[in-house]
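Structure record follows, encoded as structure tokens.
Here, each number is a calculation from the coordinates, and none is a lab measurement. Computed from a predicted structure; not experimentally measured. All Cβ positions, even for glycine, are placed from backbone atoms using ideal geometry, and neighbour counts span all protein chains on display.
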Amino acid sequence: MLITEAHLDLAAQRGALEPSVLEPCQRCRSCGEVLIELTERGRQERLAAERLVDRGIRSGVEVKFVRKLAGLRASEITDTFGVRKKTVSRWERGEVEIPRTAAYALGELFAHQ
């Protein structure tokens with residue numbers, strides 16, 4: 001998964017990212033897009049996910065982002081949490097708020113992968 005400008009903006013707005021998390025990177029002067037070296041992508045994504053987990057997963061975008069970086073399929077989340085696939089899909093699309101216990105458990109799965 002590639003960190004997009006939308007992910008970075010969302011995370012920054014929610015206080016999940018500090019400027020140091022995005023280093024080393026460059027910002028395009030004409031369009032503002034964040035440019036990250038390909039070799040840095042995995043590290044940057046992991047740092048962003050760690051910040052989200054530390055402060056608490058709150059949105060569907062964050063659920064999906066952390067789940068994917070934890071290497072988990074949606075079906076594994078359904079089995080682990082005892083919920084339907086449709087429920088996980090609704091969490092990830094932001095249609096239904098993820099329960100705090102599920103968000104915490106997802107963070108723990110990410111941290112101990």
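Just add up the charged neighbours of R90: K/R +1, D/E -1, any other residue whose Cβ is under 13 Å from the Cβ of R90. It would help to have the intermediate numbers written out before the result.
Working: positive: K64, R84, K85, K86, R93; negative: E92, E95, E97.
Charge balance in the 13 Å sphere: +2.
Residue separation times 0.36 nm, minus the C-alpha to C-alpha distance between D79 and R41: what's the value?
Numbers: separation 38, 0.36 × 38 = 13.68 nm, distance 2.97 nm.
Gain on stretching D79 to R41: 10.7 nm.
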Once you have the Cα-Cα distance between Q113 and E33, take 0.36 nm times their residue separation minus that, and quote the gain in nm to one decimal. 25.7 nm
